[in-house]
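Take a look at the structure below.
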Amino acid sequence: MTSRPPHKRALWAAPLLALGALGLSACADSGITSDALLAAGADDANWITHGRTYSEQRFSPLQKINAQSVGDLGLAWFADMDTARGQEATPLVIDGKLYVTTAWSHVKAYDAATGEPLWAYDPKVPGETGVKVCCDVVNRGVAAWGDALFLGTLDGRLVKLDRETGKVEWEVVTVNQDMAYSITGAPRIIDGKVIIGNGGAEFGVRGYIAAYDAEDGKELWRFYTVPDGTEGEDAPQHLKAAAQTWNMEALAGSDAIGGGGTVWDSLAYDPDHDLLYIGVGNGSPWNRAYRSPGEDGTGEGDNLYLSSIVAVRPDTGEYVWHYQTTPGETWDYTATQHIILADMQIEGQDRKVLMQAPKNGFFYVLDRETGEFISAEEYIPQNWASGIDENGRPIFNEETRVDKTGKPAMVMPGPLGGHNWHPMAYHPGENLVYIPAFEAATVYAPEADWKPDRARGFNVGFDLGAGDLPPDLGIRRSVYGTVKGKLMAWDPAAQEARWVVEHPGPWNGGILATDGGLVFQGNSSSEFAAYKADTGEKVWSFAAQTGVVAPPMTYTVDGAQYIAVLAGWGGAYAITADGHLINNQGPVRNVSRLLVFKLGGDAQLPPELELASLPLDPPPSRASAETIALGKEKYARYCAVCHAPAAVGSTELPDLRRSGSLGSRQAWKAVVYDGILKDNGMVSFAPSITEEEAEAIRAYVIQRANEDKALEAATAEQVAAQEASQDQGGAPALPQKKTGPPPNGEGPVFLRQTMTLWVYLPICVG
């Protein structure tokens, strides 16, 4: 379709509100069109684009399920998924049919009222692609246009599917598959252009976003987010400008690894101004001292357009404006988090705004036409900046600038951020943004003499083992209490929290807000719940049997309102956080299911199976201290991102301390070095480590397993003593917490007295 000028576009869309209110059946013959997408806000039957509307508010005007009726909400139907990995997608519903993606980029179609399966599509992503993905083999959804669906696959393809049959109409490769690019985000479609980004900054790629013709898959434009170090006169002006903020040798030299800046999730579109807003990710490597060194070897330059919101023209990919949330970012503070567009009053003036709560802990409000900074305030505790100045630039705490000091520091938030990919929601009636927030700090310790490895492993420029928790029950319990999850109702005009719900731990689900006065969210404690939008009071909950990280959505069929959410524990935190920490907050397993609710629903889930784990019974540790130290170093670089810090795995991926191959050098070599499990994602690491180093990793895991076996025995003794004391009428005999600096010598710089956390969470979602 031809694009309409912005001033005409708004007028053109207005008469469609009445049409949209009737649902898409009125235009079923032509399928999803620009008209339908622009009028999606008035379509109460369907959910036809990722955030329900181009504004990405995730607000529904549906009211049948409300604060008074929600007590009658029950399970209408459910569907088990065929992948036991993290589930993060938002379903689409079009004319009574529901379309959802699952892990490994599978797509499934159901009757939205009954749950009857209609078709399924498997793009057959090679298992070895899993090693190119930082944060689980997830997918966040499809886009719809005409009579087709569009899917980005984990291995970088864009696929067009017939919406009725699931058959492939075309597919194109959107990335260099010889590099560690991946796609986990949902595409968006504007005037027949399919917009898709990619991930892979931790592995050394150069970020970009591209548009493809929905009819034939032809690439229409590509917008790079960072320079390549060779910008000449023919380079786009925005890259020439960015080049002034980078070290060109770092980008183009022999050790260059891409720069990062991947656009892996957040997109929003404003038809009034004809602007597409993209959220840009972190640098590659994280440590700016290696990515963009100055003359003294320390980090230098803002490094545009890392950690930025960038506005482009969707027809051409032309740069319009940008705002950088974290200049010279070095902590994995992406700005890829959910972007919401809204109209509101701020200080008595009507403003058209863009809002984001990126990883760095500040909530931003910008003018969405110009990119003008309006305000920013801290939404979770942080210590990297003392505030944001009147120009929208952070006031850095120089002690946290580890790229400049070269010294370890405890920084809040860590690479998880204060808010990760999980979508927020905006309720226009309450003028509140609901944020799935959390608190977690991290030790950032620069790795000496770091060099990139283009074959395997995280390329971040930090020692990923620096903050490993020791086998000390007191220290662990101190840490457990510092990692928190929250559902926050944030007033963007006043820049303050209206109310907060505390969760047992982080990594809770995305948000849905409705005009029924409700906010829906799943959590890491295997609960799906509804809260009053104005007060945060919990008014309903459902035992989901698994952690819920995906966002809910809602739709109607034949006048009945449904709430749907994809359940299934997984994602970055599930695979890379300390397993003891996760289990302390409530052991959770992956049970991948689509859950669909309605008033009066009476379906029942099968009985919950008991969560069991293999015994911790390792062979004795006989390796030398030097071998174990080498194994620790290589484990942190190549293994921790999937199998957790200090080898303390949880329930998502194999806990190596309990591996059946741990007792056999040959069996371990067959997996780690020879890659016999590559089809399951466990590829050979021979390009990056020697056989001796693989064996050293085994020695390190054996030592860690023995330490934790002893810790488990000590814990059991303490529990038994406590129970005995209670049986005799005494007070509980709680173990004493240990305080002081972390083990292994001099600790990092502590910047707040309250920060007693030294758990490392090496996480960036993509």
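The values are calculated or read from the model by the stated rules, or taken from the named source; none is laboratory data. Not measured: the values here are computed from a predicted model. When we count neighbours, we look across all protein chains shown, and the Cβ atoms used for this are built from the backbone with ideal geometry, even at glycine.
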request  = Would you point out the residue of region 527-541, among those that are aromatic (Phe, Trp, Tyr) and within 20 Å of HIS422 (Cα to Cα), that is farthest from the chain's Cα centre (by Cα)?
outcome  = TYR531
Subset of region 551-584 (residues that are in a loop (DSSP other than H, G, I, E, B) and within 18 Å of GLY467 (Cβ to Cβ)) = ALA577, ASP578
remark   = When region 68-81 is checked residue by residue, the ones that are surrounded by fewer than 19 Cβ atoms within 10 Å (Cβ to Cβ), in contact (Cβ under 8 Å) with a residue 40 or more places away in the chain and in a loop (DSSP other than H, G, I, E, B) are SER69
query = Regarding GLY204, is this residue outside the structural domain of GLY461 (by TED's automatic domain parsing) and surrounded by fewer than 24 Cβ atoms within 10 Å (Cβ to Cβ)?
reply = yes
request  = Report yes if ALA466 is at pLDDT 95 or above and in contact with a strand residue (DSSP E or B) (Cβ under 7 Å, 6 or more places away or on another chain), otherwise no.
outcome  = no
request  = Might you let me know whether region 649-660 holds any residue that is within 25 Å of PHE462 (Cβ to Cβ) and of a type in the set (Val, Ile, Thr)?
outcome  = no
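Return yes when GLU215 is free of Cβ contacts under 8 Å to residues at least 60 places away in the same chain, surrounded by fewer than 24 Cβ atoms within 10 Å (Cβ to Cβ) and assigned to a helix (DSSP H, G or I) and no when it is not.
On the way: free of Cβ contacts under 8 Å to residues at least 60 places away in the same chain: yes; surrounded by fewer than 24 Cβ atoms within 10 Å (Cβ to Cβ): yes; assigned to a helix (DSSP H, G or I): no.
Spelling it out, it is not the case that GLU215 is free of Cβ contacts under 8 Å to residues at least 60 places away in the same chain, surrounded by fewer than 24 Cβ atoms within 10 Å (Cβ to Cβ) and assigned to a helix (DSSP H, G or I).
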inquiry  = Given the criteria among the charged types (D, E, K, R), touching a strand residue (DSSP E or B) at 6+ places or on another chain (Cβ under 8 Å) and more than 26 Å from VAL483 (Cα to Cα), does ARG593 qualify?
reply    = yes
query = Looking at region 101-129, which of its residues are hydroxyl-bearing (Ser, Thr, Tyr) and in contact with a Pro (Cβ under 8 Å, 6 or more places away or on another chain)?
reply = SER105, TYR110
query = Looking at region 523-575, which of its residues are of a type in the set (Ser, Thr, Tyr) and free of Cβ contacts under 8 Å to residues at least 60 places away in the same chain?
reply = TYR531, THR535, SER541, THR546
remark   = The residue that is surrounded by the fewest Cβ atoms within 10 Å (Cβ to Cβ), considering only those in region 85-127 that are more than 17 Å from THR165 (Cα to Cα) and among the charged types (D, E, K, R), is LYS124
query = Only one of ASP468, ASP463, ASP449 is acidic (Asp, Glu) and crowded, with 24+ Cβ neighbours inside 10 Å; which?
reply = ASP468
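Out of PRO381, PRO394, which single residue is more than 14 Å from PRO492 (Cβ to Cβ), in contact (Cβ under 8 Å) with a residue 40 or more places away in the chain and over 21 Å from the mean Cα position of the chain (by Cα)? Break it down stepwise before answering.
On the way: PRO381 fails: over 21 Å from the mean Cα position of the chain (by Cα).
Being more than 14 Å from PRO492 (Cβ to Cβ), in contact (Cβ under 8 Å) with a residue 40 or more places away in the chain and over 21 Å from the mean Cα position of the chain (by Cα) holds for just one of PRO381, PRO394, which is PRO394.
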remark   = Scanning region 552-564 for residues that are buried (at least 24 other Cβ atoms within 10 Å of the Cβ) and among the small types (Gly, Ala, Ser) gives ALA564
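For region 129-140, indicate whether the set of residues that are in contact with a strand residue (DSSP E or B) (Cβ under 6 Å, 6 or more places away or on another chain), buried (at least 22 other Cβ atoms within 10 Å of the Cβ) and not basic (Lys, Arg) is non-empty. Please lay out each step first, then the result.
In the first step, residues of region 129-140 are kept if they are in contact with a strand residue (DSSP E or B) (Cβ under 6 Å, 6 or more places away or on another chain); the result is 132-133, 139.
Next, only the ones that are buried (at least 22 other Cβ atoms within 10 Å of the Cβ) stay: 132-133, 139.
Still in the list and also not basic (Lys, Arg): 133, 139.
Yes; the residues of region 129-140 include at least one that is in contact with a strand residue (DSSP E or B) (Cβ under 6 Å, 6 or more places away or on another chain), buried (at least 22 other Cβ atoms within 10 Å of the Cβ) and not basic (Lys, Arg).
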inquiry  = On the basis of being surrounded by fewer than 24 Cβ atoms within 10 Å (Cβ to Cβ) and among the small types (Gly, Ala, Ser), does ALA567 make the cut?
reply    = no
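THR230 - would you say it is touching a helix residue (DSSP H, G or I) at 6+ places or on another chain (Cβ under 7 Å), at pLDDT below 95, β-branched (Val, Ile, Thr) and not in a strand (DSSP E or B)? Working first, answer last.
Details: touching a helix residue (DSSP H, G or I) at 6+ places or on another chain (Cβ under 7 Å): yes; at pLDDT below 95: yes; β-branched (Val, Ile, Thr): yes; not in a strand (DSSP E or B): yes.
It is true that THR230 is touching a helix residue (DSSP H, G or I) at 6+ places or on another chain (Cβ under 7 Å), at pLDDT below 95, β-branched (Val, Ile, Thr) and not in a strand (DSSP E or B).
Among the residues of region 448-457, write down those that are acidic (Asp, Glu) and within 25 Å of the chain's Cα centre (by Cα). Write out each step before concluding.
Filtering region 448-457 down to residues acidic (Asp, Glu) leaves 449, 453.
Result: ASP453, single match.
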ask   = GLY547 versus (1) touching a Cys at 6+ places or on another chain (Cβ under 7 Å); (2) part of a loop (DSSP other than H, G, I, E, B): which is the lone unmet condition?
value = (1)
message = Cβ-Cβ under 8 Å, sequence separation 6+ or interchain: first residue in region 91-119 and touching a residue at least 40 places away in the same chain (Cβ under 8 Å) and over 17 Å from PRO187 (Cβ atoms), partner crowded, with 23+ Cβ neighbours inside 10 Å and among the acidic types (Asp, Glu). Which pairs?
response = ALA103/ASP136
query = Do the conditions hold for THR535, that is, is it surrounded by fewer than 18 Cβ atoms within 10 Å (Cβ to Cβ), farther than 24 Å from GLY586 by Cα and in the same structural domain as LEU595 (by TED's automatic domain parsing)?
reply = yes
Qualifying position, being modelled with pLDDT under 95 and either touching a strand residue (DSSP E or B) at 6+ places or on another chain (Cβ under 9 Å) or among the aliphatic types (A, V, I, L, M) (or both), among ILE339, ILE309, ILE257 = ILE257
query = Considering only residues of region 288-306 that are among the acidic types (Asp, Glu) and modelled with pLDDT of 95 or more, which is farthest from ILE195 (Cα to Cα)?
reply = GLU300
query = What are the residues in region 344-360 that are surrounded by fewer than 24 Cβ atoms within 10 Å (Cβ to Cβ) and assigned to a loop (DSSP other than H, G, I, E, B), if any?
reply = GLU347, GLY348
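Can you find even one residue in region 34-45 that is part of a strand (DSSP E or B), at pLDDT 95 or above, touching a Lys or Arg at 6+ places or on another chain (Cβ under 8 Å) and not small (Gly, Ala, Ser)? Break it down stepwise before answering.
So the first thing to find is which residues in region 34-45 are part of a strand (DSSP E or B), and the list is none.
No, region 34-45 contains no residue that is part of a strand (DSSP E or B), at pLDDT 95 or above, touching a Lys or Arg at 6+ places or on another chain (Cβ under 8 Å) and not small (Gly, Ala, Ser).
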note = Given the conditions (1) more than 19 Å from LEU487 (Cα to Cα); (2) touching a residue at least 60 places away in the same chain (Cβ under 8 Å); (3) not assigned by TED's automatic domain parsing to the domain that holds TYR638, every one holds for ILE374 apart from (2)
query = Is it the case that some residue within region 580-597 is hydroxyl-bearing (Ser, Thr, Tyr) and either crowded, with 19+ Cβ neighbours inside 10 Å or over 23 Å from ASN523 (Cα atoms) (or both)?
reply = yes
Answer residue from region 482-532, given it is over 21 Å from GLU56 (Cβ atoms), touching a Pro at 6+ places or on another chain (Cβ under 8 Å) and among the hydroxyl-bearing types (Ser, Thr, Tyr) and is surrounded by the most Cβ atoms within 10 Å (Cβ to Cβ) among those = SER524
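Surrounded by 20 or more Cβ atoms within 10 Å (Cβ to Cβ), touching a residue at least 12 places away in the same chain (Cβ under 8 Å) and at positive phi: is that true of GLY406 in this structure? Quick ask: steps written out before the conclusion?
Values: surrounded by 20 or more Cβ atoms within 10 Å (Cβ to Cβ): no; touching a residue at least 12 places away in the same chain (Cβ under 8 Å): yes; at positive phi: yes.
Against the criterion (surrounded by 20 or more Cβ atoms within 10 Å (Cβ to Cβ), touching a residue at least 12 places away in the same chain (Cβ under 8 Å) and at positive phi), GLY406 does not qualify.
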